Amino acid sequence: MWTYQGNPFDEIPEDIKSFVYIITNKTNNKKYVGKKTFTFAKTKQIKKKKKRFRVASDWQLYYGSNNQLKHDVELLGRENFDREILHLCKTKGTANYLEAHEILSRHAIVSEEYYNQWLSVKVSRSQIKL
């Protein structure tokens, strides 16, 4: 279960596209900061035309992209991890920006308290809507 501002989160507000989160291992307090979209674009060939549409992501079951974190979730069980949404974002660019901000301000890449091992971000000012 995801939480947001201390409450269970299971309904996506209409204007929200993605979120920035923190996952905490309750057995050792190690954390992971990441971002996730609620939907993603998919293209399908219909006759001679390509049609783009949005598809729901696996956000409800998602436990991050870090291999060590995924291994620990598998080994210790999902019940030993808290998943908290830090920011709900109106654009993917906003999520990119806020994820980078959270990782850098927490020094997550250089701290042994975090699973994070790298950061790659590309965002322009026009993509950010805070």
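Read-outs: derived from the displayed coordinates by stated rules, not from any lab. Everything numeric in this text was worked out from a predicted model, so none of it was measured. Using ideal geometry, Cβ is built from the backbone for each residue, glycine included, and neighbour counts are taken over all protein chains shown.
Points to keep in mind about this one:
- By the helix-only formula, in which each DSSP H run with n ≥ 4 contributes -39500 (n - 2.57) and the sum is divided by residues, the chain has a 222 nm mean residue ellipticity of -5500 deg cm²/dmol.
- The overall shape of the range 48-130 is oblate: from the C-alpha gyration tensor, with semi-axes ordered a ≥ b ≥ c, the ratio a/c is 1.5 or greater and a/b is no larger than b/c.
- As a length-normalised measure over Cα pairs under 8 Å and 6 or more apart, the relative contact order of the chain settles at 31 percent.
- A simple count of charges around S111, restricted to other residues whose Cβ falls under 12 Å of its Cβ and scoring Lys, Arg +1 and Asp, Glu -1, yields +1.
- Bridges between two residues of the range 2-125, per DSSP, are antiparallel at a rate of about 85%.
- Computed from phi, the 3J(HN,Hα) profile of the range 99-114 under the Karplus parametrisation 6.51, -1.76, 1.60 (θ = phi - 60°) reads 5, 4, 4, 5, 5, 6, 5, 8, 6, 5, 6, 9, 9, 6, 7, 10 Hz, with x in place of Gly and Pro.
- Highest average packing first - 56-64, 33-41, 5-13, Cβ atoms within 10 Å: 33-41, 56-64, 5-13
- Think of the range 2-125 as a dipole: +1 on every Lys or Arg Cβ, -1 on every Asp or Glu Cβ, centred on the Cα centre; then among Q5, F81, L98, L98 lies furthest on the positive end.
- Given charges at beta-carbon only (K, R positive; D, E negative), |dipole| of the chain in Debye: 1380
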